[in-house]
Amino acid sequence: MSQPSMPRYTSILFFLFLQLFFAAQPCHRTVTYAAGGGLWQLLQNSIGITAMHMQLLSNDRVVIYDRTDFGRSNLSLPDGKCRNDSSELVIKYDCTAHSVEYDVLANRFRPLMVQSDVWCSSGAVVPDGRLIQAGGFNDGERKVRIFSPCNGSGCDWEEVGDGLKVKRWYATSHILPDGRQIIIGGRRQFNYEFYPKSSAPNVYSLPFLMETNDRSIENNLYPSVFLNGDGNLFIFANNRAILFDHKTNKVLKTYPAIPGGDPRSYPSTGSAVLLPLKNLQASTIEAEVLVCGGAPKGSYAKVENGNFVLALDTCARIKINDPNPRWVMETMPTARVMGDMTLLPNGNVLIINGAGAGTAGWEKGRDPVLNPVLYRPDDASGSRFELQNPSTIPRMYHSTAILLRDGRVLVGGSNPHIGYEFTGVLFPTELSLEAFSPPYLDPNFDDLRPTIVSSSASKGKNIGYGQKLLVRFKVTSKIVTDMVSVTMVAPAFNTHSFSMNHRLLVLGNEKVTVVGASTYDIQVMTPRSGDLAPPGHYMLYVVHQQIPSEGLWVKIL
């Protein structure tokens, strides 16, 4: 049964108040606002690099990086540091940064130093909170790099070396139930491997990636990978998918192609997300994947001849555990290629960034799509999409978007050029960061918004699998007890329109108890195994009438 949509409000006085409020803030500037359609804020005019890859860590800092093989960035390394790389393609002695750490709470950033080329790589956060980054280009194609979060300014990238057995460029990383990560595919790599290594064979063949490879175009790079509740992997590439047992190297199920057969993977880049997992105590848990946007067949070749074909305006949704699964088609308000899909704490999906025509690749996109779209998966078919207020900044090729703990979506990147180009081009290199606040952050909803007071999973305390969890929260208005729930969101590694390891679990609501004035306890059960929630850090939310609290970091082991 679908939940009712949030109330819509329009108020000129409120609009003026917000404009004055944000104008007074030294680090945040409002770009555009209309009640009901979300709020845009410019956070940083320039962080010195373009945000091609982003990962939120459990200390509310975001690791951002670009690539090293285009020349100098607009941000110097500190203390006279310089990269001296004899195998670098452009500048072998480079004193500029190609990675930054962004402090969300302070709205500040600092340069980081990567040693080799991280272009078009993958990443995953392991249970202890470290970001493990894999692959790249040139001298970085087999490298593994580690970023260990800290609360000071001393942490930086550590280069492990050739931690991969084969070259990984445009590959996908996913955390497994045992805390390892699997790294799948990449350019001309129809296989996968694990990290860290064991005594088992190092590289395993995956013929599905060969079968989904369009000759001379590919359309199977950065495959969309999701962990199913049974511990197997749903792997989507091009226009079709398999259910894969990574423990036995066996394909368990082959899914039909999306109707129409148009490609949805890089460079015909759509986006995909695993919809919220619910009813977690059931013996079989329904899991649905949503794939939106992309480019029609032949678009990449046509772009080479100056013909920018209109992007796809369709989404395809499939219940992957059904005995006879099929794709159900929906139509978005706008066509979109290179969009990013982000799970919001209340279970809705934000579709943001991208272009209305062309494909991914250097100079291959046109008609920027400035309006995000909100998708409500529980609403009736035909009424799930809602257009949001536009940004003023085109976010084209190499853009990113991730959910922050406070419920905003951090947006950055956009550089469709081989180097940094700021003048004389259609879409200049974009070094800014902005935040999109979905409608649930409208202050008109403050009386409905829960505030987490405490929990049996307070910050720094681990929670186990299959255990009762008690969360105490406040709400100033009278609550509707059967419209309160708890959700857990795994932060994403986002690049090239795919959010790796991003998942949302609805823990539900076993009982709500009044414990004081406007204060309540909600009892839920934690996920029963790592098949549902791989070990590591999650953002925990209390959601009341689709209005989420600010998140609380928890760690499940």
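The values are calculated or read from the model by the stated rules, or taken from the named source; none is laboratory data. Nothing here was measured: the structure is a model prediction, and the numbers come from that model. Cβ atoms come from the backbone with ideal geometry, glycine included; neighbour counts cover every protein chain shown. Areas reflect the complete protein model, heavy atoms only, side chains present, ligands, DNA and RNA absent. Shrake-Rupley method; radii C 1.70, N 1.55, O 1.52, S 1.80 Å.
Computing Kirkwood radius over Cα pairs in Å for the structure here picks out one of (1) 25.4; (2) 23.6; (3) 26.5, namely (2). About its Cα centre, the dipole of the chain is roughly 660 debye, where the only charges are +1 on Lys and Arg Cβ and -1 on Asp and Glu Cβ. So if I take the centroid of the Cα atoms in segment 488-557 and the same for segment 408-478, what is the distance between those two points in Å? Using only Cα atoms, the two centres lie 13 Å from each other.
Toward the positive end of the charge dipole of segment 326-469, with +1 on the Cβ of Lys and Arg and -1 on the Cβ of Asp and Glu, the farthest Cα among Val411, Pro377, Ser391 is that of Pro377. Counting only aspartates and glutamates at least 8 places from Lys555 when in the same chain, those with an alpha carbon closer than 17 Å to its own are Asp60, Asp128, Asp178, Asp531. To the nearest 0.05, how large is the calculated FRET efficiency for Leu310 and Arg110 if R₀ is 45 Å and r is the Cβ-Cβ distance? Plugging the Cβ-Cβ distance into 1/(1 + (r/R0)^6) gives 0.60. When Val337, Val425, Val453 are compared by accessible surface with a 1.4 Å probe, the order from highest to lowest is Val453, Val425, Val337. Assign one of three labels to segment 413-557, namely rounded, prolate or oblate, based on the Cα gyration tensor with a ≥ b ≥ c the square roots of its eigenvalues; rounded applies when a/c is under 1.5, prolate when it is not and a/b is larger than b/c, and oblate otherwise. Oblate, since a/c reaches 1.5 and b/c is not below a/b. The solvent-accessible area of Asp162, taken with every protein chain present and a 1.4 Å probe, is close to 90 Å². Each of Lys319, Lys143, Lys247 has its accessible area taken with a 1.4 Å probe; listed largest first, they run Lys247, Lys319, Lys143. Within the straight-line cut-off of under 16 Å between alpha carbons, the aspartates and glutamates reachable from Lys511 are Asp482, Asp521, sequence neighbours fewer than 8 places apart in one chain being disregarded.
Under 13 Å from the Cβ of Val409, count the other residues' Cβ atoms, weight Lys and Arg +1, Asp and Glu -1, and hand me the total. With Lys, Arg at +1 and Asp, Glu at -1, the neighbours total 0.
Given a 1.4 Å probe and the protein chains as shown, Leu252 ends up with an accessible area of around 90 Å². Accessible area of Val480 (1.4 Å probe, protein heavy atoms only, ligands and nucleic acids ignored): about 50 Å². Taking every C-alpha pair closer than 8 Å and separated by at least 6 residues, the mean separation divided by the residue count of the chain gives a relative contact order of 14 percent. In a simple Cβ point-charge model (Lys, Arg +1; Asp, Glu -1; nothing else charged), segment 105-254 has a dipole of about 140 debye relative to its Cα centre. If the limit is 28 Å between Cα atoms, which of Lys278/Lys474; Lys143/Lys297; Lys278/Lys478; Lys319/Lys478; Lys253/Lys297; Lys92/Lys165 go over it? Listed pairs above 28 Å: Lys143/Lys297; Lys319/Lys478. Could you pull out every one of the lysines with an alpha carbon less than 22 Å from that of Lys302, ignoring same-chain neighbours closer than 8 positions? Within reach: Lys364.
In the chain, the DSSP-assigned H stretches of four residues or longer account for a calculated mean residue ellipticity at 222 nm of -1000 deg cm²/dmol, using -39500 (n - 2.57) per stretch and the full residue count as denominator. The local environment of Thr254, defined by Cβ-Cβ distances under 12 Å, has a net charge of +2 under the rule Lys, Arg +1 and Asp, Glu -1. In a DSSP loop and with at most 12 other Cβ atoms within 10 Å, the trypsin sites (Lys or Arg not before Pro) in segment 410-473 are Lys459, Lys461.
Accessible-area rank, largest first, for Trp362, Trp553: Trp362, Trp553, with all protein chains present and a 1.4 angstrom probe.
Mean projected area of the Cα convex hull of segment 87-143, taken over all directions, amounts to 5.0 nm². Other residues within the sphere of radius under 12 Å centred on the Cβ of Asn151, judged by their own Cβ, net out at -2 (K and R +1, D and E -1).
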